[in-house]
Amino acid sequence: MYCAVCKQNKDEGIKFLEVHLCEKCLDNITKTRVEDEEYQKYMDIFKDILKECQVY
């Protein structure tokens, strides 16, 4: 399955709101603090995921 964050084909991970998140990205997301540079990147990705869920 393709990870919604890194776009790589990785089977390990979880399904979240109809998208796949690989273990590495999930680990990075859970360790990211609001002060970190990556925070806004992840927020934008989750906003896109939530927008897609509204279409269904």
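Things to note:
- Residue in segment 3-21 that is of a type outside the set (D, E, K, R) and in a helix (DSSP H, G or I) present: no
- The residue pairs whose first member lies in segment 30-51 and is touching a residue at least 12 places away in the same chain (Cβ under 8 Å) and surrounded by 10 or more Cβ atoms within 10 Å (Cβ to Cβ), whose second member is not in a helix (DSSP H, G or I) and not small (Gly, Ala, Ser), and whose beta carbons are closer than 7 Å, counting only pairs six or more residues apart or on different chains, are Tyr42/Thr32; Ile45/Val5; Ile49/Leu17; Ile49/Val19.
- Taken together, the residues in segment 32-51 that are charged (D, E, K, R) and under 13 Å from the mean Cα position of the chain (by Cα) amount to 5.
Just so you know, all these numbers are worked out from the coordinates, no wet-lab data involved. Source: prediction; values computed, not measured. Note: ideal-geometry Cβ built from the backbone for every residue, glycine included; neighbour counts use all protein chains shown.
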